[in-house]
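Shown next, in structure tokens, is the structure this report addresses.
Read the figures in this text as sums done on the coordinates, not as results from a lab. These numbers come from a predicted model, not from an experiment. Cβ atoms come from the backbone with ideal geometry, glycine included; neighbour counts cover every protein chain shown.
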Amino acid sequence: MKKFISRIMFCAMALFAFAACSDPEAEKLEKVVGEWHYSGTESGVELDVYLALSSDYTFELYQKIGEGPHYLYKGKFDYDGEVLSGTYNDYTPWAHDYKVTRSGNSMTLTSTTSTYSVTYTRKSIPEEVKTHYMPVTKDEATALPIL
């Protein structure tokens, strides 16, 4: 009987320890994964940008410059818990790597090599943006993406 109780206690402790373990990779990504929005003016031009960062390290960037539709850029990103970087599907790297700072529902991306900084707010991407965008092809001459 004593062995039986010992085994039950051991199994209970093992289950508790297993349940208490967390995935450090998932915890790290929690800081950036989600849908984000930026709206502002840069160099006198109105920008409306939605950024979706997924847990599979892919992203979608919907960018509208001035009037007209949002353009969709896709690619992959890396995040080490502090610095966010990425590459578009045409293998072009983002213009900057960014130090990530979070505060509530805001995420500020600050270039690691310049003073450039942009603050996104957590916000779902509207269905209208997801369904009425212009895909960007490699040969298309559109404005450079914000990232």
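Observations on the structure shown:
- Compactness of region 24-63 is given as radius of gyration and Dmax, 12.8, 42 Å, from Cα positions.
- In order through region 44-58: 3J(HN,Hα) via Karplus (6.51 cos²θ - 1.76 cosθ + 1.60), integer Hz, x for Gly, Pro: x, 10, 6, 10, 9, 10, 10, 10, 10, 10, 9, 5, 8, 6, 10
- For region 25-135: rounded, prolate or oblate by the Cα gyration tensor [a/c cutoff 1.5]: rounded
- Shown for region 36-147: lysine pairs separated by 8 or more places, or found on different chains, whose C-alpha atoms are under 19 Å apart, numbering 10.
- Fewest-first sequence of HIS132, HIS37 by Cβ atoms within 10 Å of each Cβ: HIS132, HIS37
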